[in-house]
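Peer 1: Right, I'll just put the structure down here and ask away after.
Just so you know, all these numbers are worked out from the coordinates, no wet-lab data involved. Everything numeric in this text was worked out from a predicted model, so none of it was measured. Quick reminder, even Gly has a Cβ in these numbers, built from the backbone with ideal geometry, and neighbours come from all protein chains shown.
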Amino acid sequence: MVDGEPEAAHGEESEAPRAGGRVQSVIAGAIPVLLGAVAAWLSFGLNIGSLTEPGPGLWPLIVAGLLVASGIGIIAVTARTRRDTEAFTRGTVAVLAAAGGLAVYASLYEIVGFEVPTVLLLFAWLRLLSRESWLMSAILAVAVTAVAYALFIIGLNVPLPHLIAF
Amino acid sequence: MDFSSVLSGFAVAFEWQNILFCLLGVTVGMLIGVLPGLGPAATIAILLPITYNLEPTAAVIMLAGIFYGAQYGGTITSVLLKLPGEASTVVTALDGHALARQGQAGPALGIAAIASFIGGTASIILLSFIAPALAGVALAFGPAEYTVLALIGIFLVGTLGNGSIIKSAAAAAAGLLLATVGLDPLLGTPRFTFGTDQLADGIDFTIVAMGLFGVGEILYNLEHRDRPQTAVPSFGRAIPGRLHWLKSRLAILRGSVTGFILGILPGGGATMASLVAYAVEKRTAKDPSRFGKGAIEGVAGPESANNAAATSSFIPLLTLGIPANATMAVLFGALMLQGITPGPGLMTDHPDVFWGVVNSMYLGNLLLLVLSIPLIGLFVRMLKVRPGILAPITVVITMIGTYSIRNNAFDMLLVIGLGLLGYGMRKLGFEPGPFVLAFVLGSLLEASFRRSMRIFGGDVSEFVQRPVSGTLVAILVLTVVVVPLLRKVRTRQTENAEQAGVTAD
């Protein structure tokens, strides 16, 4: 029988995200405060009304108050070292690049149809973010797009903007 | 209980296309349960647009199957690789993987499958008796009661999650704020639309779920994408012996009851249930030192509990219209898309949907029991597909799905923005669950609150003075006391799990 000594999970340590610093913790509280303040200011622009006859602005104002209060609470608690944030790493750049690429993809959709942007997005993601080989990326990009075409446009009749028509 | 509608529910569940969608749902569920990274909430969110064209019962049968199927699948990687596919199977890895290293992976997986089956099935039976009674009570609820009920739901989901209570409150408040975008529910005044027509109808729930759960999870996993490949130990035949069964049968029974009770509590769900069941087993064992070294009860208890909880967490959704956890929030959205409002009226207005879905779970659990054993080898091989290949394919499916909702590229940008928000929230220690749940309940909460205030003439204390809403307020206050205790148990269990080197995705 193997002994019951706790065994570290395979390679988890190198992957385990590092906790973020105090600045990041304060930012985590500052964002709700800021968001709440803006929402409260916009709510006053709507009609608040009264508790008896609530206007459209009353509920957003209450919610904004909750946001500000919890944000202040987060900053107060964070001051007593609560490490539940994750530090941003070099991987963050990949995340932002992916989101940017997706935004370009979405804006091309209605202009040139879905086929070309889909092939390009898949290829770029596979090659640059997932580090697949050129050949593998190219084959997968075209194959997945073809399957998506068959499934969504021919099979499910989804009205996607597309170039190739049968 | 109205037996004729229960029986006709069986007839619905056994229509061939519903059997097919049930099979499809549980298979997809098991698959994503095996794959670490993509959880059931994200998968259901991504598949929502595809269910538009389906019949409501078939759609919900399939989506429900994904949810409870994922509990089965998560076990497989927990036991074999000590890489839990789902948070609810983290604790199973402790003794499950210890058994696997002793060459007993097969029996461990077998017991896990049987425990899951018994837990799930027992929970469906209990659900069938309790749900009608609860719905009957809820039919008398007015706006005041719904205000308090929605508050309880949001509060519990916020506090029983993994994040800090105050951060969950902030996330929930942000979700409530996002829900106010669009036209005022009672007066029709545009709010926070910034002058665009695109936001005049508010933000579709599917967009929020797909953005925060779907794209958000993919972006988050992109940062930690170098997952090393692990060798899979051989597991032999997944059939437990007589001795294993004798040792674990009481654990299964206790786990089923624990799981059922914790599943009903909003926010409890499968993860909480599995942790508490493990604690119960360790507490009741004659020799607690065996735990962590390959005690079969440590697999049987949590596995029956997480399936029982997954099933019973349908109760608040189907009888009160209050989703108990993030996945139920997505199912709430799925029902709304089909034009069905989940709530006390569901059982009487759409008995075919209610009993069809509930009774399909018997079949789903049976399918999972039969399928999981022969398919284990296949699923383990699926793990070899690199996450780097799955991620872009999932993204493309999500984007196409988003576009298909309103044939609108603006929605795609919205999903990407919400995906970034989900990523940022996780980096800063906020959970997306309370946000999405609060978003779902936002308009109900606001409308009920404003109606109550009109009825009460602006007197907030009426919430406490009316008998039913007063009782609910008392429950709300009680949970504020009980929840921190439950959190303590959980924290201790999680620490034990972490000491053993297990981390969930």
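Peer 1: Rank by packing, highest mean first: peptides B:426-433, B:333-340, with packing defined as the count of other Cβ atoms within 10 Å averaged across residues.
Peer 2: In decreasing order of mean packing, B:426-433, B:333-340 become B:426-433, B:333-340.
Peer 1: In addition: Give me B:245, A:41, A:125, B:355 ranked fewest to most by other Cβ atoms within 10 Å of their Cβ, as a rough exposure proxy.
Peer 2: A:41, B:245, B:355, A:125
Peer 1: What spacing in nm lies between the two simple spin-label points modelled at residue B:474 and residue B:11, each 7 Å away from Cα in the Cβ direction?
Peer 2: 4.4 nm
Peer 1: Given a cut-off of under 8 Å on Cα pairs at least six residues apart, what relative contact order in percent is computed for the range B:3-499?
Peer 2: 28 percent
Peer 1: When Rg is the radius of gyration of the Cα atoms in chain B and Rh is its Kirkwood radius, what does Rg/Rh come to?
Peer 2: Radius of gyration relative to Kirkwood radius: 0.96.
Peer 1: Please report, ordered by residue number, every helix of chain A (full DSSP H runs) that is 27 Å or longer along its axis going by C-alpha atoms and whose mean Kyte-Doolittle hydropathy reaches -1.0.
Peer 2: Qualifying helices, which must be both long enough and hydrophobic enough, are A:22-45, A:58-78, A:91-112.
Peer 1: What angle do you read, to the nearest 10 degrees and between 0 and 90, between the alpha-carbon axis of helix B:467-499 and the longest principal axis of chain B?
Peer 2: For B:467-499 against chain B, the angle is about 30 degrees.
Peer 1: Using only the alpha-carbon atoms, how far is helix B:432-455 inclined from the longest principal axis of chain B? Give it as 0 to 90 degrees, nearest 10.
Peer 2: Taking the Cα atoms of chain B, the angle to B:432-455 is about 30 degrees.
Peer 1: Summing -39500 (n - 2.57) over the DSSP H runs of n ≥ 4 in chain A and dividing by its residue number, what mean residue ellipticity at 222 nm do you reach, to the nearest 500 deg cm²/dmol?
Peer 2: -19000 deg cm²/dmol
Peer 1: Dividing the alpha-carbon radius of gyration of chain A by 2.2 N^0.38 Å (N being the number of residues), what value is obtained?
Peer 2: Normalised Cα radius of gyration, chain A: 1.61.
Peer 1: Now, a different point. For residue B:183, list long-range residues whose amide hydrogen, built 1.01 Å from N in the peptide plane, is under 5 Å from its own amide hydrogen.
Peer 2: B:191, B:202
Peer 1: If you take each beta carbon of peptide A:126-132 and count the beta carbons of other chains within 10 angstrom, what is the mean?
Peer 2: Average neighbour count from other chains, rounded to a whole number: 4.
Peer 1: Can you work out the PRE-style zone for residue B:137? Point 7 Å along Cα to Cβ, and I want the residues of the range B:308-348 with backbone N under 19 Å.
Peer 2: Output list for this probe position: B:312-325, B:343-348.
Peer 1: Cross-link list B:286/B:384; B:167/B:282; B:282/B:427; B:82/B:282; B:247/B:384: which exceed 30 angstrom alpha carbon to alpha carbon?
Peer 2: Beyond 30 Å: B:286/B:384; B:167/B:282; B:282/B:427; B:247/B:384.
Peer 1: Just counting partner chain Cβ atoms within 10 Å, what average do the residues of peptide A:56-69 show around their Cβ?
Peer 2: 6
Peer 1: Specify the angular offset, from 0 to 90 degrees and rounded to the nearest 10, of the alpha carbon long axis of helix B:56-81 from the longest principal axis of the alpha carbons in chain B.
Peer 2: Taking Cα atoms only, the helix is inclined about 40 degrees.
Peer 1: In peptide A:88-95, what is the residue-averaged number of other protein chain Cβ atoms found within 10 Å of each Cβ?
Peer 2: Counting Cβ atoms of other protein chains within 10 Å of each residue's Cβ and averaging gives 5.
Peer 1: Let me ask something else. Can I get the semi-axes of the protein assembly as shown's equivalent ellipsoid? Compute them from the C-alpha gyration tensor as square roots of 5 times the eigenvalues, in angstrom, largest first.
Peer 2: In descending order, the three semi-axes are 36, 31, 26 Å.
Peer 1: Same structure again: Taking the highest mean first, how do the peptides A:141-153, B:434-446, B:102-114 order by number of other beta carbon atoms within 10 angstrom per residue?
Peer 2: Highest to lowest by the protection proxy: B:434-446, B:102-114, A:141-153.
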